[in-house]
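Nothing in this text is a laboratory measurement; each read-out follows from the coordinates by a stated rule. Note that this is a predicted model, so its numbers are computed, not measured. Note that each Cβ is placed from the backbone with ideal geometry, even for glycine, and that neighbours are counted across all protein chains shown.
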Amino acid sequence: KRVILIGPPGCGKGTQSPVIKEQHCLCHLATGDMLRAAVAAQTPLGVMAKQAMDKGELVTDDLVVGIIDEALHRPACSKGFILDGFPRTVGQAQKLDEMLAKRGEKLDKVLNFKIADSILEERITGRWIHPASGRSYHTKFAPPKRPGIDDITGEKLIQRKDDNATVLKSRLEAFHKQTSPVINYYERKGLVATLHAEKAPEVVTKEIEKALGSSS
Ligand code: AP5
Ligand code: ZN
């Protein structure tokens with residue numbers, strides 16, 4: 001299956017991705033995770049992306065389209081993929097259509113994580129992540145067994161630099177202005193399934209399973 005996850009910051013894209021990945025054997029491509037890794041490694045890409053990310057603005061289409069184009073050529077992504085956080089502009093969506101057309105592939109589903117803005121601040125400010133794996137926790141909703149420590153590796157958890165109330169405002173603005181038109185773009189193609197992303201994680205997982213149908 002070829003699946004896109006769209007929704008505002010903190011809606012649950014990163015939380016649901018491992019579940020979808022496991023059940024459908026898909027590769028998970030999260031542009032935010034890939035950009036953060038590039039920033040941490042101070043690669044040329046990271047240096048170019050850092051300023052926009054710190055402010056909660058989108059990085060340029062060319063940068064992220066380049067990352068995705070390269071990633072889609074991985075053998076692991078030939079049978080299917082989950083795109084988490086891409087496309088985020090109509091320009092990116094058009095570029096993705098071109099890339100897929102060249103490969104003779106089609107999208108199966110666009111999962112629209114619908115949630116009110118008012119719920120997101122608590123989710124974002126309480127999030128702690130394990131940078132190496134991208135696993136996320138929440139002080140209230142999904143606490144690690146030991147505070148500040150990853151359950152699996154025992155390594156330290158960190159908070160993202162953009163996970164504060166001020167930067168969240170810009171991220172939400174970017175979502176409403178630049179990314180919500182992408183939902184309309186896919187609605188016209190009949191690909192969108194809308195989820196109740198404010199519900200508990202297990203409930204959202206069930207909605208996703210229903211939208212995606214049988215595995216493979
Ligand atoms: P990115 O990393 O994609 O951030 P985002 O879209 O803001 O999304 P988040 O990762 O914050 O939210 P999420 O939906 O994954 O939430 P999660 O599941 O962790 O992008 C970061 C930046 O990179 C952008 O601002 C931009 O600069 C740049 N960028 C990335 N892609 C780009 C692109 N395509 N074009 C241009 N620029 C791009 O959940 C959040 C918290 O809530 C967690 O603590 C979790 O435990 C908890 N939680 C999750 N689900 C539930 C639930 N159902 N109930 C209660 N708590 C829950
Ligand atoms: Zn995420």
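Annotations
- Residue list for the stretch 196-216, given a label point 7 angstrom along the Cα-to-Cβ vector of Glu122 and an amide N cut-off under 14 Å: 198-201
- This model, with +1 at the C-beta of Lys and Arg and -1 at the C-beta of Asp and Glu, gives the stretch 95-216 a dipole about its Cα centre of some 140 debye.
- The tail of the calculated P(r) for the stretch 46-132 beyond 16 Å holds 67 percent of all Cα-Cα pairs.
- Each Cα pair under 8 Å and six or more residues apart adds its separation to the average, and for the stretch 117-186 the resulting relative contact order is 29 percent.
- When the chain is described by a simple charge dipole with +1 on each Lys and Arg Cβ and -1 on each Asp and Glu Cβ, the residue from Ala193, Leu29, His73 located farthest towards its positive end is Ala193.
- Mean sequence separation of contacting Cα pairs (under 8 Å, at least six apart), scaled by the length of the chain, corresponds to a relative contact order of 31 percent.
- Amide H to amide H, with H built 1.01 Å from N, Ile4 comes under 5 Å of Leu83, Lys109, Val110, Leu111, counting only residues 5 or more places away or on other chains.
- Taking amide hydrogens as placed 1.01 Å from N in the peptide plane, the amide H of Gly10 sits under 5 Å from that of no residue at least 5 positions away in sequence or on another chain.
- Cross-link pairs exceeding 19 Å between alpha carbons, from the set Lys169/Lys206; Lys21/Lys169; Lys50/Lys161; Lys114/Lys145: Lys169/Lys206; Lys21/Lys169; Lys114/Lys145.
- Using only Cα coordinates, the Kirkwood hydrodynamic radius of the stretch 85-135 works out to 14.2 Å.
- Amide H contacts under 5 Å for Asp151: Lys145, restricted to partners 5 or more places along the chain or on a different chain, H placed in the peptide plane at 1.01 Å from N.
- Unit charges at the beta carbon, dipole of the stretch 70-148: most positive-side option, Ile124, Val110, Pro143: Pro143
- Charges were assigned to the Cβ only: +1 to each Lys and Arg, -1 to each Asp and Glu. The resulting dipole of the chain about its Cα centre is roughly 240 debye.
- Measuring between their Cα centroids, the stretch 75-104 and the stretch 1-62 lie 13 Å from each other.
- Mean projected area (nm²) of the alpha-carbon convex hull when the chain is viewed from all directions: 11.4
- Bridge type composition, the stretch 90-216 - antiparallel percent by DSSP, nearest 5: 60
- Beta bridges by DSSP in the chain, antiparallel share as percent, to the nearest 5: 30
- Local charge for Leu5 was computed over the other residues whose Cβ lies under 13 Å away, with Lys and Arg +1 and Asp and Glu -1, and equals +3.
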